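Participant: Next up is a structure, given as structure tokens.
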Amino acid sequence: MSLDPLILAMKPHYSEEDVDRFTIAIEFATEAHAGQVRKSGTPYIDHPRAVAEKLLQLRMDADTVIAGILHDVPEDTTRTLEDIEGLFGADVAFLVSGVTKVGKLKYRGLERYIENLQKMFVAMAEDVRVIIIKFCDRLHNLETLGALPREKQLRIARESIEVYAPLADRLGIGEIKGQLEDLAFPFLEPKGYAWILQTVGPEYHNLEEHMAEMVWKLRERLAQEDMPPLDLHGRRKHLYSLYKKVLRPEYQKDLRRVTDIVAVRVIMPNISGCYAALGIVHQLWKPMPGRFKDYIAQPKPNGYQSLHTTVFGPGGSLVEVQVRDQEMHDLAERGIAAHWFYNEQGKQKHTQNVSQKLSWVQELSEWKKHFDSPEQYLEDIKIDALQQHIFCFTPNGDVIDLPEGATVIDFAYHVHSDLGNGCVGGKINGNMSALDSILRSGDVVEILTDKRRKLPNRDWLQMAKTHAARSHIRRALRDEVSKL
Ligand code: MN
């Protein structure tokens, strides 16, 4: 009988065979890292153990959890990738090699940094689980960041907020995005952190009291109506996202204008149950006009689904209520990681080739083929891959996923490079629009072409906001020159 808390945490949710393999992996990793210590002075094995624990909390498949405990073995010990493959199979070895390739925290200038990012995107395109291990690795490094010199702290904190958190967000792993940001926040912006902590502290107290009262009332009422929720709880907004929100001009640094500092969350057994529960919520507390959002009928670009409403709660306080079913909830918290989610029966919703469904991940991995300068590359990454995205539609209803600020030209090139090269104009929701018109989520865009037009205009380079469109335009212009 093992008393290892990691094993105990795994047992209720995974098969016996998986637990056995993980037990062997823990022993193997502990032996391999024996005698090594971290900068903080603790035994090295504490780090991979913490990573594996986070992967268990996400209920990732057993191979990913095993790769998590082994992720630093090939690089830091005498044991090799071949040893790992022999003992734990090709899948685990592949994941470990993916994480290893992405590299350690050393920084050797912008060129090397970008090389590292590219490796990460390629590994991610091959198997998204690599980046999920990387997220957990980064989370634990942030938790122990205090032990590092200030310069390193800043670099790691900045990269976590600028690259890792937006990636987690685009993969829909909201919980990890929030944790990455909140851990990096005090290192990156100590003054802002102190300010928000001090400002929100007293608010929290009142709000949480109101929220607890609402949870209690709503539970009672749903029981009376014979529609018990699967879960009903309150949640606090992550600190960094609250900070970013209150700094936006419309909030004028006034926390009282933010209505989702806390939220009541209701998980219902099915979609009709969600709408019925919303009706009960509106009977108990008056909704604030204009604040109801049906993300079930119209999901957010990252696939997020829920009903959101803001109500006048106890004591006149404004409280957001979120209603969703279990699957929507799993997706909201775990996003892409939910594809490997273990349920109580030990069955696994393993979706093959998840990364192939994410066309932007594929595109990202191919970027290395064409970029002008490291600075431009980094700028493009921030806009194309990491910025908030919008959804637009072709006249046939196909969804085109574009970064905020994208124009008609970007849309044309994202549909097809020929459509881009031949375009002479566009219609947005049926209205004639200039090629540099900025698109908004939900726009239906029709591209008008002229058969005689085969070449882009050089000015379009200024109108296009995305890396993909600009590189198509440049290539078409270059090909034309070489023909002369
Ligand atoms: Mn590590």
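The values are calculated or read from the model by the stated rules, or taken from the named source; none is laboratory data. A quick note: this is a predicted structure, and the numbers were derived from the prediction, not measured. Here Cβ is always computed from backbone atoms with ideal geometry, including for glycine, and neighbour counts include all displayed protein chains. Side chains are part of the model used for accessible areas, which takes the heavy atoms of the whole protein and leaves out ligands, DNA and RNA. Shrake-Rupley method; radii C 1.70, N 1.55, O 1.52, S 1.80 Å.
Participant: Would you mind giving the average projected area, over all directions, of the Cα convex hull of region 66-177 in nm² with one decimal?
Facilitator: 7.4 nm²
Participant: Using a Förster distance of 60 Å, how high is the FRET efficiency between D459 and E85, based on the Cβ-Cβ distance and rounded to 0.05?
Facilitator: 0.65
Participant: To continue, here is another question. Kirkwood hydrodynamic radius, the chain, all distinct C-alpha pairs: what's the number in Å?
Facilitator: The answer is 25.0 Å.
Participant: Now for a different question. For the residue pair W195 and E375, what label-to-label distance in nm results when each label sits 7 Å from Cα along the Cα-to-beta-carbon direction?
Facilitator: Taking the simple label geometry, W195 and E375 are separated by 2.9 nm.
Participant: Could you give the size of the charge dipole of the chain about its Cα centre, using +1 on the Cβ of each K and R and -1 on the Cβ of each D and E, expressed in debye and rounded to the nearest 20?
Facilitator: Magnitude of the dipole: close to 1640 debye.
Participant: Hey, rough spin-label estimate for E480 and K286, points 7 angstrom out along Cα→Cβ, what's it come to in nanometres?
Facilitator: Each label point is offset 7 Å from its Cα along the Cβ direction, giving 6.2 nm.
Participant: Using a/c under 1.5 as the rounded threshold, could you call region 10-53 rounded, prolate or oblate? The axes a ≥ b ≥ c are square roots of the C-alpha gyration tensor eigenvalues, and prolate needs a/b larger than b/c, oblate otherwise.
Facilitator: The shape class here is oblate.
Participant: Rounded to the nearest 0.05, what FRET efficiency do E209 and N270 have when you use their Cβ-Cβ distance and R0 = 56 Å?
Facilitator: E between E209 and N270, to the nearest 0.05, is 0.95.
Participant: How far, in nm, would the chain grow between T23 and E111 when pulled straight, counting 0.36 nm per residue and subtracting the alpha carbon separation? Provide the component values of the computation, followed by the final result.
Facilitator: Values: separation 88, 0.36 × 88 = 31.68 nm, distance 4.04 nm.
That works out to 27.6 nm of additional length.
Participant: Taking the Cα-to-Cβ direction at S359 and at R155 and moving 7 Å from each Cα, how far apart do the two end points lie in nm?
Facilitator: 3.7 nm
Participant: If you don't mind, there's one more thing I want to ask. Looking at region 150-187, which trypsin sites (Lys or Arg not before Pro) are DSSP coil and have at most 12 other C-beta atoms within 10 Å of their C-beta?
Facilitator: Counting only loop positions with at most 12 other Cβ atoms within 10 Å, none of the trypsin sites (Lys or Arg not before Pro) in region 150-187 qualifies.
Participant: Moving to a separate point now. Which of V215, Y251, I296 sits farthest toward the positive end of the charge dipole of region 207-303, with +1 on the Cβ of Lys and Arg and -1 on the Cβ of Asp and Glu?
Facilitator: Y251
Participant: So, by mean Cβ neighbours within 10 angstrom, what's the order for 434-440, 231-237 with the highest one leading?
Facilitator: Those peptides, ordered most packed to least, come out 434-440, 231-237.
Participant: Additional query: For the chain, which whole percent of the accessible surface, found with a 1.4 angstrom probe, sits on carbon and sulfur atoms?
Facilitator: Of the solvent-accessible surface of the chain, carbon and sulfur hold 51 percent.
Participant: A further question follows. Ordered by residue, what ³J(HN,Hα) values in Hz, to whole numbers, does region 133-144 give under the Karplus form 6.51 cos²θ - 1.76 cosθ + 1.60, where θ = phi - 60° and Gly and Pro are x?
Facilitator: Coupling constants for region 133-144: 5, 4, 4, 5, 4, 5, 4, 5, 4, 5, 4, 10 Hz.
Participant: Could you state the per residue volume, in Å³, of the convex hull enclosing the Cα atoms of region 177-296?
Facilitator: Per-residue hull volume (Cα only) is 124 Å³.
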